[in-house]
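First comes the structure, then the notes that go with it.
The values are calculated or read from the model by the stated rules, or taken from the named source; none is laboratory data. None of the values given here were measured: they were computed from a predicted structure. In this analysis, Cβ positions are derived from the backbone assuming ideal geometry, glycine residues included, and neighbour counts consider all displayed protein chains. Ligands, DNA and RNA are excluded from the accessible area calculation, which covers all protein heavy atoms including side chains. Shrake-Rupley method; radii C 1.70, N 1.55, O 1.52, S 1.80 Å.
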Amino acid sequence: MILSATMRRCLLGLFLLCGAPVAQAGDTPLLAYGARIAGDDARTRVVIDFDRKPVFFVHYVANPTRVIVDLPETSFGLKPEDLKARGVFTEIRYGAMGAGSSRVVLTAKKPVAITVADVKPDEAGKGFRLVLDAERVTEDRFAVLLKEQQWTGSVASTKTARVVEPPAAGSFVVAVDAGHGGIDTGAIGSETKMEEKSVTLAFAGELVAALNKESGVKAVLTRDKDEFLSLPERVQTARQHGANLFISLHADTLKQRDIRGATVYTISDKASDHLAANLAERENLSDEIAGVAFKSEPAEVADILIDLTRRETQAFSVNLARSVVSSFEGQINLINNPHRHAGFRVLQAPDVPSILLELGFLSNKEDEKLLVDPVWRRKVADLLAVAVRGYRGGAVANGG
Ligand SMILES: [Zn+2]
């Protein structure tokens, strides 16, 4: 029987859907309560202990080589050292992927194959353990493994599409995007150990509240909990909401710990400076961290109409960035040259003016204190609402 790619994906989705309840007696997520890793550059074994029998699904992603283990929603009660990368693996991440699923991403230096992937009951009766054996293989062998699994697609793509309420007629929709989430923690505060994904989510809530006080504005979140969203999913969610503006929020770290203040980014092919280029490169890694397979751009991108729309949108993005900078001036610490640009993939919507706002840097002590301060967050959110108001005024004056 020959199945279309879509049908195959549906079948896979069904398999996962049917499989999930095995591990989810009741609504409580699985608990991964222990883990260990052993081996060398040729063979490595990873063991994860669960309280119940996990249904899992393994696949590979290339460039860099990654082994992805998809699980039902799991809470990871692991110590960082339990799954510290070693042997064939250079990095191991785990966390929520949203829509009731979790993921472990094992990044390898060289091509690997999983030779054993098994769930066994724990001898002491404490649940089940998942055993994965990975072995170095040739590039050719890995290419075959990748090809053989093509039909399954990535599990992320089987996530049910979000059902989004259409915006009320006449309202100006602002999509607020809390950077990072789930398996992708983002930066980590040097003093508080606060994760960027939590800083951005807390701030996003504040911003939505401030924007919704503006008459005629409806603010929506791309994510409202600790879940992973790929960069294209963030853009897509904004567009589904009929967003007129897209604001992505971040609070990254820099090697230069003395640098502080807010920065507003717009998209461009060429970065304005090194700092902007490095930051965009790091932000664009988000999908890799989560093991989302790279999908090539749709052919329509080359379309001349899209190109024109893009240029027009770009002008509006720049206006918004300027409005934010002038609203912040004298009120909020700004980096020097606070409007910068670089190739951020999350700012790619051809038809939605978009900015990425670095609220401050978690690598700077003073900034870190402010970023976790609810009073400061409210002040910044209010100033952003003023900036959006200013942008709208300008856009109306310019006939936009
Ligand atoms: Zn970030």
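Among residues of the range 345-361 that are on the phi < 0 side of the Ramachandran plot, those with a Cβ under 6 angstrom from a residue that is away from the ligand (no atom under 15 Å from the Cβ) and assigned to a loop (DSSP other than H, G, I, E, B), sequence gap 6+ or separate chain, pair up as VAL352/ALA243; PHE361/ARG260.
For the range 258-274, the set of residues classified as open to solvent by less than 30 Å² (accessible area, probe 1.4 Å) and farther than 8 Å from ALA342 by Cβ consists of GLY261, ALA262, THR263, VAL264, THR266, listed by residue number.
Pairs linking a residue in the range 278-292 that is touching a residue at least 12 places away in the same chain (Cβ under 8 Å) to a residue that is more than 10 Å from the ligand (Cβ to nearest atom) and open to solvent by 40 Å² or more (accessible area, probe 1.4 Å), with Cβ atoms under 7 Å and 6 or more positions apart or on different chains, are ALA280/ALA271; ASN284/ARG345; ILE289/ARG93. Filtered by the rule that a residue be open to solvent by 10 Å² or more (accessible area, probe 1.4 Å) and not basic (Lys, Arg), the range 189-209 gives SER190, GLU191, THR192, MET194, GLU195, SER198, LEU201, ALA202, GLY205, GLU206, VAL208, ALA209.
Within the range 378-387, the set of residues being touching a helix residue (DSSP H, G or I) at 6+ places or on another chain (Cβ under 7 Å) and open to solvent by 30 Å² or more (accessible area, probe 1.4 Å) comprises ARG378, ASP382, VAL386.
Residues of the range 170-188 that are over 14 Å from the mean Cα position of the chain (by Cα) and either open to solvent by 40 Å² or more (accessible area, probe 1.4 Å) or among the hydroxyl-bearing types (Ser, Thr, Tyr) (or both): GLY170, SER171, ILE188. For the range 331-343, the criterion of a residue being crowded, with 18+ Cβ neighbours inside 10 Å and assigned to a helix (DSSP H, G or I) is satisfied by no position. Against the conditions (1) touching a strand residue (DSSP E or B) at 6+ places or on another chain (Cβ under 6 Å); (2) within 16 Å of the ligand (Cβ to nearest atom); (3) touching a residue at least 40 places away in the same chain (Cβ under 8 Å), SER230 satisfies every one except (1).
Flag set for THR192, criterion: assigned to a loop (DSSP other than H, G, I, E, B) and either within 13 Å of the ligand (Cβ to nearest atom) or among the β-branched types (Val, Ile, Thr) (or both). So the check is Cβ under 9 Å with 6+ separation or different chains; which pairs have a first residue in the range 196-222 that's at pLDDT below 95 and small (Gly, Ala, Ser) and a second one that's part of a loop (DSSP other than H, G, I, E, B) and more than 13 Å from the ligand (Cβ to nearest atom)? Note: pairs meeting the criteria are GLY216/GLY170; GLY216/SER171. Among the candidates ARG310, ARG322, single out the residue that is open to solvent by 30 Å² or more (accessible area, probe 1.4 Å), at pLDDT 95 or above and away from the ligand (no atom under 16 Å from the Cβ). The unique qualifying residue is ARG322. Number of residues in the range 211-239 that are surrounded by fewer than 23 Cβ atoms within 10 Å (Cβ to Cβ) and assigned to a helix (DSSP H, G or I) equals 7.
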